[in-house]
Each structure stands twice: as structure tokens, then as C-alpha cells.
Amino acid sequence: MTRLKQAFKLLLILIPAGIAILFYLNYPKLDLITGYSSKSNCSCTYIAGRPEAYTDSVDNNFSPVDLAADKVQRTEQTATAAVFGMKERTAKYYPGLGCVLLPDSISELPFGERPQRSPRTSPQPYPYGDGPQKDTLFPEVDRELLAATVKEAFEDNAMKKTRAVLVLYKNQIIAEAYAPGFDSTSLHLGWSMTKSITSTLYGILDYQGKIDISSPAPVPSWQNDERRKITYNHLLQMSSGLAWEEDYTRISDVTQMLFKAEDMSQAQAEKELLYPPGSHYYYSSGTSNLLSGLLRNTFDDLQGYLDFPYHDLIDRIGMSSMILETDASGNYVGSSYSWATARDWGKFGLLYLHKGDWNGERIFSEDWARYVSTPASDSEGIYGGHFWLNASGVMPDVPRDTYYADGYQGQRVYIVPSKDMVIVRLGLTNGDHFDFNAFAGGITAAIK
């Protein structure tokens, strides 16, 4: 009995001590946890129109984000999150800008500009208008294989968490499916597919003759050292040679940028040069946000910058559902924050499938489509100009000419020129529970 009492006393000491150690080790992460949770809840509530309880139980239901307690204030259009009452963070919805995670230093944005949009409407069939598409029979399509592959994408969906699949062939929807609670009007966060949007904006400026991607990136702090040799091309191909840590499991460059920085465009610009520009590939979300900031500098004012993606790309090709979100300084978060329906993500893929031509209107040059789908230096054939590639056969059952926008938790827009096809998959699960090779391979194999 005495030993039992001694053991019990020891537990009374060890348990609080263990809790204290865990708290000490995780306290610095609380800013990131509450930042992620409040931002996610805000965007899912005010952009995607989902109930906050759903977001808490599904989108934010993973460790350690599930430690946060969230509260949505609909009158203020905000979402707050805290962990045991500590490190409260607030994200606020601004029409046109999306949800902005506010730094502790401000309670409102210091600027009033908002994107001016001009959505195009047309009675033409999808994808060039809002009308129903024409019924078209394609005898070369193996309908059974196509249907089975799409169905497989939703089976065991507690693990796969697929929300939408869209397959386009010769400009026609040949397969479309949604998980319960989602449909063709539902908006989905593209995460790093936003990087491909950012790249496309550079392709448009290149086509308009307003920028030369082979020229040095005009970052003032780089002009007195070797970083002055870094070009736009190096940044677009993720081969700048700058230091960066893309680790989402702990406090790192990328998590500090997304959930702490007021101006995300500066995070990468401040880093030292580790490798000669063009010699070393390394994936960096900071690079994409630096590109977004440099893009802003090509315009005379903030209004021109905010309008540009919509006027010259998004509204121009009828992606009227798409919303790009900004940081607290007014920069588009070019690495991560774009929302659209599956059909509008499909339009983005079709724009590349048609090499920049949109129903007879040229958005960017054919050369740009070749550029983004050409392997970057030292990438071993897996990365191009802010697009991922299958040139090295990382998906062995998918055509090698496939290239794609790729986002966290399995967001994909595949462009498959040899099959005249675009494939969209949206959801919450990465490759651990979803076989992207079997999925894209099965769909492309359905075209005989």
C-alpha cells in the first residue's frame, strides 16, 4: 500500500510537470495554430459559405490545429481563434480581398482599395459561357473505365476526402462528381495551385511586352551583392539559390510568413544566397509571394495591381467564382490563397491546354505554355515555371506530357495535351490516402 501511495504521489508530480513541458515546447507554436484556425474558419465561412461547425469538425480537425477554439462574429465578419484563451488571432473578411489574417499591430487594413471586377456572361455553352453544354458523343471514350475511376476517387471517402472531380475532353465535360454537401457552385481553396495563377500573371505581362523574365528581379536590397544576378526566370523556376525552409510541421520560414507576416512579399527577399542562381532547385512559397510583390511594383498604384488579375485573366475567361486573397499589406498571397469552383478551375486548365488562346482571344503566348511545362534547372524533370511536371514519369501510368497545378491536401488541375484533356480533383487528402497515379492514369487511359 505504501508503494502504491508513493507511485500515486509521483504521478501527481510527473503529470503536471509533463503538461508544463509540453506547454513550454508548444507555446511558440500557438500563434501559428490560432493563425491557421482563424484564417481557415474565416475563409470557409465568408467565401465558401460553409457552417463554422463543419469547418471545425472537418477542415480544421487535425493536430495541432484542433487545439484551437474558434468563434465567428458574423456582424463584424471576423473569425477568432485561441488555445485555452491564449494567443488569440483574428481574421477579417473584406469583400473583394477575401479573409485577411490581421497582425497583432492592427485591427483594420490601412488601405481602402478593392478589386474592380467585370465578370463576363455569355449564353454560349460551358466553358465559354454560362449555358448548358452541347450533348456530344465521343466513341473513343471508354465510359465504363471513366465512370469506375471517378467512382473510385470517392470510395472510402472518410480517408480520401475527395470533394470534387471534373474531367474535360475536347472542351466538353465528360465526367463530373461531388461529395455530399458539394456541387458545381461550391468554392474550393486551391492552396499552392495559386502559384500557377501567379505564374500566369507573369505570362500575361510577358505577352503584353511589359516584363522580360530573363531580366534581374528589381529587389533594392539585392543590388550590392550576388543576389542582384537573380532573374524573374530563376524565381519562377524556384532556382534562385536563396535560403528558405518549406516545413509546415513546425515554426519555419513558410509558417512564419503565412501566419505572422504583415507583408508576405518580404520573407524571401530577406534571405541570404546559398547557391549560384539557376544551379539549385528548391520549392519555396516565399518565392511566389516575392513574385507577387514584384508584380505589384510594376503598377503605378495599388488599385491597378488589385484589378490586374481579374481584368486580364480571371474575369476575362469567365472564372467569375474565383477570389484571390491578400495579406494585410494588400499583396495577393500568390503562394496559397485562391478560391474557385471546380468548373472554374477547369477553365484555368483549358486555357493552358489551348496554349493561351481563349475562344479566339489570346491571353498569353504559346511560348509561355511551353515555358511553364519545360523542366527547370536541377529539378530532375518534376518542376517547370510554377507548375509541376510528369516529364520524369513520377506518375508512371500518366502521359509524360502532363503538367499540373498542385496544392496542399490534394488539389490538382492536370493538363494533358496528348489526350486533349483537363482533369480537376479537389479535396482534403494528400497522396498518403489517395493514389493520384491510379486516378489520373485511369482517366487518361479511358481515351482510346
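Every number in this text was worked out from the coordinates using simple rules, so none of it is lab data. All figures in this text were calculated on a predicted structure; none of them were measured in a lab. Using ideal geometry, Cβ is built from the backbone for each residue, glycine included, and neighbour counts are taken over all protein chains shown.
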Identify, among Thr402, Thr78, Pro127, the residue whose Cα sits farthest towards the positive end of the charge dipole of the chain, taking +1 on the Cβ of Lys and Arg and -1 on the Cβ of Asp and Glu, with the dipole about the Cα centre. Thr78
To the nearest 0.05, the calculated FRET efficiency linking Asp247 and Ser418 through their beta-carbon distance, R0 being 25 Å, is 0.10
Considering the chain, which cysteines have no disulfide-compatible partner, defined as another cysteine with its Cβ under 4.7 Å away? Cys44
Extreme residue, positive dipole direction of region 164-445, given options Leu324, Trp388, Val254 (C-beta unit charges): Trp388
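What number comes out for the charge environment of Thr185, summing +1 per Lys or Arg and -1 per Asp or Glu over other residues with Cβ under 14 Å away? Display every interim value, and only then the final one.
Details: positive: Arg50, Arg163, Arg343; negative: Asp130, Glu176, Asp183, Asp344.
Neighbourhood net charge equals -1.
Against the globular-protein guess of 2.2 N^0.38 Å, express the Cα radius of gyration of the chain as a ratio, rounded to two decimals.
Details: Rg = 23.0 Å, N = 448, 2.2 N^0.38 = 22.4 Å.
Dividing the Cα radius of gyration by 2.2 N^0.38 Å gives 1.03.
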What aspartates and glutamates sit close enough to Lys160 to cross-link, taking a C-alpha to C-alpha distance under 18 Å and skipping anything fewer than 8 places away on the same chain? Asp59, Glu152, Glu176, Asp183, Asp406, Asp432, Asp435
Cut-off 10 Å between beta-carbons: net charge of the residues surrounding Tyr232, Lys and Arg +1, Asp and Glu -1: -2
Estimated inter-spin distance, Glu270 and Glu76, nm [label 7 Å along Cα→Cβ]: 2.7 nm
What Rg and what Dmax come out for region 80-147 when only alpha-carbon atoms are used, in angstroms? 23.1, 61
Fully extended, how many nm does the chain gain between Asp130 and Arg143 (0.36 nm per residue separation, minus their Cα-Cα distance)? 2.1 nm
Fewest first, what order do Trp345, Trp244 take by the number of other Cβ atoms within 10 Å? Trp244, Trp345
Highest mean packing first, using Cβ neighbours within 10 angstrom, the peptides 433-443, 245-255 sort as 433-443, 245-255
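Mind putting a number on the dipole of the chain about its Cα centre? Charges go on the C-beta only, +1 for Lys and Arg and -1 for Asp and Glu, and I need it in Debye to the nearest 20.
Numbers: 41 positive and 53 negative charges, 166 e Å.
Computed about the Cα centre, the dipole is about 800 debye.
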Could you tell me how many degrees, from 0 to 90 and to the nearest 10, lie between the Cα long axis of helix 193-207 and the main elongation axis, the longest principal axis, of the Cα atoms of the chain? 40 degrees
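What is the magnitude of the charge dipole of region 131-272 about its Cα centre, with +1 placed on the Cβ of each Lys and Arg, -1 on the Cβ of each Asp and Glu, and no other charges, expressed in debye to the nearest 20?
I would put it at about 220 debye.
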Spatial separation of Cα centroids for region 174-215 and region 306-385, in angstrom: 4 Å
Set Lys and Arg Cβ to +1 and Asp and Glu Cβ to -1, take the dipole of the chain about its Cα centre, and tell me which of Leu187, Met238, Pro277 lies farthest positive. Leu187
Need one number: nm distance between label points at Asn359 and Ser63, each 7 Å from Cα along Cα→Cβ, rounded to one decimal. 5.1 nm
Compute the long axis of helix 30-46 from its Cα atoms, compare it with the longest principal axis of the Cα atoms of the chain, and write down the angle in degrees, 0 to 90, nearest 10. 50 degrees
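Multiply the residue separation of Asp435 and Arg400 by 0.36 nm, subtract the distance between their alpha-carbon atoms, and state the gained length in nm to one decimal.
Details: separation 35, 0.36 × 35 = 12.60 nm, distance 1.73 nm.
Net length gain for the segment: 10.9 nm.
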Asp263 paired with Glu152, simple spin-label distance in nm, labels 7 Å along Cα-to-beta-carbon: 5.0 nm
